[in-house]
Amino acid sequence: MAVASLHVSTHPLVLQRLCILRDVATPPPLFRAAVADLAMLLAIEATADLPLTETSVTTPMGIARGSALVQRIALVPILRAGLGMVESTLRLLPNAQVWHLGAYRDHASLQPVMYYNHLPQHPELDLCLVLDPMLATGGSAVAAVDALRSHGIPQIKFIGLIGAPEGVHTLATAHPDVPIHLAALDEHLTPPPLLADDPPEGYIVPGLGDAGDRQFGTG
Ligand code: PRP
Ligand code: URA
């Protein structure tokens, strides 16, 4: 899939953690640990182009030249499932703000329902990293980026774990300037169920199931 804004990791540690995440037998504690590790690994890749300014630091032996980050950054997890990506990313960017957006998918229409949006009144910020493990139809990610754009945020990146082609296409079309960082690009979304035992519509295949339920043990 040729989408200029899409970056799919090939890091061995990412690929190994992905297997843990996908495994139906992985219990919530190990699932949460894999989400956290993957978020950190992908955040390292997503921040590889952050601008730096020169600085100096006094060591016990003298003065060393060094570098400092210049951008003011916020992490924006999409509740619920994005919450599990915050703590490890914050370890990389301890001075980042954390803003929360709440969205769930309506099961019938698959449209995102935004139920929480309490962004700061006067944001003084250069970059938002939107965190959400799943990019399925792309509706939730587009709604989050729309909200940040209308809040005047100049630069936005999306960090997810697993994406479907449908979601990548939707986000990249709506916001071509938003880089999309994923651990995996999967095959497709589940169609509307025909039989009682069929899975619900709009889940990523092969995916990992429901990222929120698997993290928080509510499945
Ligand atoms: C999941 C996921 C995304 C959304 C992706 O959240 O965390 O936010 O679905 O689907 P989309 O690309 O089709 O919009 P969900 O609606 O299950 O809510 P939850 O995080 O509270 O479980
Ligand atoms: N949300 C999830 O948690 N999983 C999917 O596969 C799609 C949306």
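Values in this text are rule-based calculations from the coordinates and carry no lab data. The structure presented is a predicted model; accordingly, all values stated were derived computationally and were not measured. Backbone-built Cβ (ideal geometry, glycine too); neighbour counts: all protein chains shown.
Among Pro51, Thr26, Ala74, which residue has its Cα positioned farthest towards the positive end of the charge dipole of the stretch 14-98, with +1 placed on the Cβ of Lys and Arg, -1 on the Cβ of Asp and Glu, and the dipole taken about the Cα centre?
Most positive-ward Cα: Thr26.
Pull up all non-local amide H partners of Thr137: gap of 5 or more, or a different chain, and H-to-H distance under 5 Å with H placed in the peptide plane.
Amide H neighbours of Thr137, under 5 Å, 5+ apart: none.
Listing His118, His181, His188, His100 from the residue with the fewest other Cβ atoms within 10 Å to the one with the most, what is the order? Mind dumping the intermediate values first?
Values: His118 9, His181 23, His188 13, His100 16.
With the sparsest Cβ surroundings first, the list reads His118, His188, His100, His181.
Could you go through the stretch 86-95 in sequence order and give the Karplus-derived ³J(HN,Hα) for each residue, using 6.51 cos²θ - 1.76 cosθ + 1.60 with θ = phi - 60°, rounded to whole Hz, and x for Gly and Pro?
My calculation for the stretch 86-95 gives 6, 4, 6, 5, 5, 5, 6, 10, x, 8 Hz in order.
Please compute P(r) over all alpha-carbon pairs of the chain, binned at 5 Å starting from zero, and give each bin as a whole-number percent.
Reading the bins upward from 0: 1, 7, 15, 19, 20, 16, 10, 6, 3, 2, 1, 0, 0, 0, 0.
From the phi angles alone, apply the Karplus equation (6.51, -1.76, 1.60; θ = phi - 60°) to the stretch 46-55 and give each ³J(HN,Hα) in whole Hz, x where the residue is Gly or Pro.
6, 9, 5, 10, 4, x, 10, 10, 6, 9
Give the long-range amide H neighbours of Val98: residues separated by 5 or more places, or on another chain, with amide H under 5 Å away, using H modelled in the peptide plane at 1.01 Å from N.
Result for Val98 returns Leu75.
Would you mind ranking Met40, Met61 so that the residue whose beta carbon has the fewest other beta carbons within 10 Å leads the list? Before the final figure, lay out the partial values.
Details: Met40 18, Met61 6.
In order of increasing Cβ crowding within 10 Å: Met61, Met40.
Taking the chain as a Gaussian network, Cα atoms linked when under 10 Å apart, which of Ala136, Ala34, Ala68 shows the biggest mean-square fluctuation?
Result: Ala68 has the largest fluctuation of those listed.
With angles folded into 0 to 90 degrees, how steeply does helix 12-22 sit against the dominant principal axis of the chain? Use alpha carbons for both and round to 10.
30
Between the helical axis of 165-174 and the dominant principal axis of the chain, each derived from Cα atoms, what acute angle in degrees is found, rounded to the nearest 10?
50
Please give the FRET efficiency for Leu79 paired with Thr55, using the beta carbon to beta carbon distance and R0 = 30 Å, rounded to the nearest 0.05. Can you show the working numbers first?
On the way: r = 36 Å, r/R0 = 1.21.
The value I calculate is 0.25.
Just to check I understand the Karplus step: with θ = phi - 60° and J = 6.51 cos²θ - 1.76 cosθ + 1.60, what whole-Hz values come out for the stretch 150-163, glycine and proline as x?
Along the stretch 150-163, the couplings run 6, 8, x, 6, x, 10, 9, 10, 10, 10, x, 9, 10, x Hz.
Taking only Cα atoms of the stretch 73-174, what ratio of Rg to Rh do you get with Rh as the Kirkwood inverse-distance radius?
Values: Rg = 12.9 Å, Rh = 13.6 Å.
Answer for the stretch 73-174: 0.94.
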